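Undergrad: Sharing a structure here in structure tokens format.
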Amino acid sequence: MDVRAGAAPVVDAGERIEGARFAAWLFVLQRASAAVLALCVLVHLATILYAVRHGLSAQAIVARVHASAVWPAFYALFVVAVAVHAPIGLRAVVGEWLRMRGPLVDALLALAAAGLLVGGLYTVFSLGL
């Protein structure tokens, strides 16, 4: 980007293409994570309904999670989808509503994504292993 005294910033075509490519990847990641989340939410709700209808206690649910590698893998996928989806959505909201954009916002949202990922995976694996 070229900035001269008293002139508006000049953005070259390469920067516009890179920005468009980044936006396209965010779009794809947002939609793909939404599809994963939709499936995960349905499975999670079905699991809750099953547990409630069969009178399972929290202790019994945790014991079943410990007995299988499938459930920790499923919930790890759920956590990864949330960690991808939520910050991209927040980036759009912050940009549109608060008019805040740029590297600082992206860095803060990457930090939020890392927090969601670490906290979620810690929870999954502390219950599942």
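Undergrad: Take residues that are at pLDDT 95 or above and within 15 Å of Leu29 (Cβ to Cβ) and tell me which of the helices (runs of 4 or more DSSP H) falling wholly in the range 54-129 contain 2 or more. Before the answer, list the steps.
TA: Values: elements: 58-66, 70-97, 103-128.
The qualifying helices (runs of 4 or more DSSP H) are 70-97, 103-128.
Undergrad: Looking at (1) under 12 Å from the mean Cα position of the chain (by Cα); (2) aliphatic (A, V, I, L, M); (3) closer than 26 Å to Ala23 by Cβ, which is the one condition that is false for Val118?
TA: (3)
Undergrad: Can I ask one more? Across the range 79-115, what is the total count of residues that are within 11 Å of the chain's Cα centre (by Cα) and free of Cβ contacts under 8 Å to residues at least 60 places away in the same chain?
TA: Qualifying residue count for the region: 17.
The values are calculated or read from the model by the stated rules, or taken from the named source; none is laboratory data. Everything quoted here is computed from the prediction, not taken from an experiment. Backbone-built Cβ (ideal geometry, glycine too); neighbour counts: all protein chains shown.
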